[in-house]
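The values are calculated or read from the model by the stated rules, or taken from the named source; none is laboratory data. Treat the numbers as computed from the prediction; the structure is a model and nothing was measured. All Cβ positions, glycine included, derive from the backbone under ideal geometry; neighbour counts span all protein chains shown.
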Amino acid sequence: MTATTGRPVMAKLMIGLGLVLTGLNVWGVVWPADYARDYEFISRPQDGQQSFEWAMNNLANVQENSLIPSVMEIVNRRMVNYLQAEEVRSHALRVHPTENWALWLLGVIRPTTYGTLTLNNYVHILRRGLGMCGQQALAVVDILEKRGIKASSVGLLNHVVAQAEYKGQAYIIDPDYGVVMPYTLEELRNRPDIIRAAYAHMLQHVSPDHLEIITRHVIEAYKNAPPAPPLDGIKSTIPAKEITFERDIYRIKWAVPFLLIGVGLGWWMITGGRSAKRASAADQGSRAV
């Protein structure tokens, strides 16, 4: 095959691939994958499984006077924690190609690094709908940060929550268990009575034999937690390169197919114009002969 005949073929391939990738992106917008629903992850009675659309609609209508508990409740009722076997969890957490074909491809190539990537953008987190305590806390922090509210994740002992300051009031927010406490971490360290009361309603499903064990575990998690980080949003606990990577990979999923289509069309038009000129010149030459 000559270079001149190969160019239109390559142009067709570029346009075709661009259209396929664009189709995947559009499919993901119109019919987003619901990981929690599709894989039927139900690990605890308090897990919600409300839809992504439900979560986004409610976030758009949150009232300022109940912002902190409302954000917590939305994340809590949308997100599902998971306790299933590792192989099931790894498969379910892998980003679907209609969500982000580029991230899905990276997960296939390097599954240990990108297969079950922790997300930082609350829209991506809520769309996935699956996540343990740290992922849910990040969703709360990102929602609040994007509303101009100081917040950050807080690592406890074997647990992660969020902290925030809103209208002069400090809050500890645990979307995994559906708890909001209007205190700082330091204030809660030696207040097991407050912690016990706050978590009591979420532990009603636990058998009496295990209730006290779990309650003591939660109290110890707060008591022995390291100092809380500053209220610097996502970047207080997540490296900047991870935040940048997620932002860029979700831009790339749209930029690459548009680039392929644009370059392919340009290539097609240029080579088509040259072919027409050559055909016209050949026709004139044959007539002259």
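List of remarks:
- Region 110-135: number of residues that are part of a loop (DSSP other than H, G, I, E, B) and touching a Ser or Thr at 6+ places or on another chain (Cβ under 9 Å): 4
- Subset of region 155-185 [among the aliphatic types (A, V, I, L, M) and more than 23 Å from residue 129 (Cβ to Cβ)]: 156, 157, 170, 172, 181, 185
- Residues of region 19-34 classified as under 18 Å from the mean Cα position of the chain (by Cα) and within 19 Å of residue 94 (Cβ to Cβ), total: 8
The rows are residues; the columns are (1) on the phi < 0 side of the Ramachandran plot; (2) at pLDDT below 80; (3) of a type in the set (A, V, I, L, M, F, W, C); (4) assigned to a helix (DSSP H, G or I).
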{"residue": "42", "(1), (2), (3), (4)": "yes, yes, yes, no"}
{"residue": "46", "(1), (2), (3), (4)": "yes, yes, no, no"}
{"residue": "50", "(1), (2), (3), (4)": "yes, no, no, no"}
{"residue": "57", "(1), (2), (3), (4)": "yes, no, no, yes"}
{"residue": "68", "(1), (2), (3), (4)": "yes, no, yes, yes"}
{"residue": "73", "(1), (2), (3), (4)": "yes, no, no, yes"}
{"residue": "84", "(1), (2), (3), (4)": "yes, yes, no, no"}
{"residue": "89", "(1), (2), (3), (4)": "yes, yes, no, yes"}
{"residue": "92", "(1), (2), (3), (4)": "yes, yes, yes, yes"}
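- Considering region 94-106, and only residues there that are at pLDDT 90 or above and in contact with a Phe, Trp or Tyr (Cβ under 8 Å, 6 or more places away or on another chain), the residue that is farthest from residue 128 (Cα to Cα) turns out to be 106.
- Some residue of region 218-237 being on the phi > 0 side of the Ramachandran plot and modelled with pLDDT under 90: yes
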